[in-house]
Structures are given as C-alpha cells and as structure tokens.
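Peer 1: Okay, here's the structure, questions in a sec.
The values are calculated or read from the model by the stated rules, or taken from the named source; none is laboratory data. Everything numeric here is computed off the predicted structure, so don't read it as measured data. With ideal geometry, Cβ positions are generated from the backbone for all residues, glycine too; neighbour counts draw on all protein chains shown. We work out accessible area using only protein heavy atoms, side chains counted, and drop any ligands, DNA or RNA first. Shrake-Rupley method; radii C 1.70, N 1.55, O 1.52, S 1.80 Å.
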Amino acid sequence: MTTLNPNDRAALDAAIAQAEKSLAEGGIPIGAALMRPDGVIVALGHNRRVQSGDPTAHAETVCIRNAGRRRDWHTLTMATTLSPCAMCSGTAVLHQIPRVVIGEHDSFLGREDWLKAEGVEIVLAGDDRCRELMVAFMRERPDLWNEDIGVPPEE
C-alpha cells in the first residue's frame, strides 16, 4: 500500500484511537479524524450508532459534525480506519473534502469509486491495525456489523 507522510500517519493514529474508543464503549470499531494541511487535527469522531441509537452516527459523519461550521473543508484531509460507506463518502463529497486517508478496505470496500469519480484523492494505508480491528469485530459480532451496513437478517 502507501507509505504515509508523518501528518497522515498521525491522523490515522488518532482515527485508530477513536475506533478503539468505540469498541470499548460497545460500539463498532471505526474512527475518523479531520486534519488541516499543517497537520493540526481539527475534529475526531467514532462510530456511535450503537451507543446513541442514531443510524447516521458513523465515524466519518460524527467527525464532520464535531468539526462544526467551517469554511475550510476544501483544504482538509479526512483519515478513517475503514473504507467509507455511501453515506460517509457522500458527506465528504458534499463538504468538498479533497483527500481521504483510508486505513484499510479489505474487510469492507465502501464507495471509494464515488470519491474518486468526484476527484477526491484516496490514500490507502493498508494498515494491519485497522484490518485486525474490523476482522475480529466482524467475526465476533456479525449480527451487529450486518445491522450497521444494512444487511437484512437471515430468516
């Protein structure tokens, strides 16, 4: 995959800490961070769907909510531990976030195609920590994972 620059690595490390926080809270281990070009992290978020009962509380969306009102979206980089789903990709496109650092996309491939089609630069880290978090979670809680991504229950 890609060797990350120090700022991207710091943002992904912050996103991983958020994913671990979500898991410790009984949630889905996905985290996100928003970073300015100078490496300053301006917002963090983790998946809070289980904790809050809000089906839109995915990590990237929570992170963007936590960033508040801004005029500099077009300069920010989002780091996320997992390939963003359609909703989170759409939120990044809506706010014109030009770069997304993705921890891994082997366990789940979101809508990277849409991000690329909209001109978003994708940096794929291929981070083993991100992959291990998701693979273990999917193995241990397939019901919760399938609920999160909208897979109907088996009858």
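Peer 1: Within the range 44-53, track down each residue that is open to solvent by 20 Å² or more (accessible area, probe 1.4 Å) and either under 19 Å from residue 69 (Cβ atoms) or of a type in the set (S, T, N, Q) (or both).
Peer 2: Selection gives 44, 51, 52.
Peer 1: Taking the options 56, 61, name whichever one is surrounded by 17 or more Cβ atoms within 10 Å (Cβ to Cβ), polar (S, T, N, Q) and over 14 Å from residue 125 (Cα atoms).
Peer 2: On the way: 56 fails: surrounded by 17 or more Cβ atoms within 10 Å (Cβ to Cβ).
None of the other options fit; the residue is 61.
Peer 1: Just to check your reading of the model, which residue among 97, 41 is open to solvent by less than 10 Å² (accessible area, probe 1.4 Å) and modelled with pLDDT of 95 or more?
Peer 2: On the way: 41 fails: open to solvent by less than 10 Å² (accessible area, probe 1.4 Å).
Of the residues listed, the single one that is open to solvent by less than 10 Å² (accessible area, probe 1.4 Å) and modelled with pLDDT of 95 or more is 97.
Peer 1: Shifting gears a bit: Step by step: first the residues of the range 130-155, then only those that are among the charged types (D, E, K, R) and open to solvent by less than 100 Å² (accessible area, probe 1.4 Å), then the one that is farthest from residue 104 (Cα to Cα). Which residue is that? Give the derivation first.
Peer 2: Restricting attention to the range 130-155, the residues satisfying the condition of being among the charged types (D, E, K, R) are 131-132, 139-141, 143, 147-148, 154-155.
Applying the additional criterion that residues be open to solvent by less than 100 Å² (accessible area, probe 1.4 Å) yields 131, 141, 143, 148.
Numbers: 131: 6, 141: 19, 143: 21, 148: 18 Å.
That would be 143.
Peer 1: Could you check the range 12-30 and list, in sequence order, the residues that are assigned to a helix (DSSP H, G or I), small (Gly, Ala, Ser) and open to solvent by less than 60 Å² (accessible area, probe 1.4 Å)? Reasoning before the result, please.
Peer 2: Step one: filter the range 12-30 for residues assigned to a helix (DSSP H, G or I), giving 12-24.
When the remaining residues are screened for being small (Gly, Ala, Ser), the result is 14-15, 17, 19, 22, 24.
Within the range 12-30, 14, 15, 17, 19, 22 meet the criteria.
Peer 1: In this structure, does residue 77 turn out to be within 14 Å of the chain's Cα centre (by Cα), under 23 Å from residue 20 (Cβ atoms) and in contact (Cβ under 8 Å) with a residue 40 or more places away in the chain? Give the steps one after another, and end with the answer.
Peer 2: Details: within 14 Å of the chain's Cα centre (by Cα): yes; under 23 Å from residue 20 (Cβ atoms): yes; in contact (Cβ under 8 Å) with a residue 40 or more places away in the chain: yes.
Judged against the criteria, residue 77 is a match.
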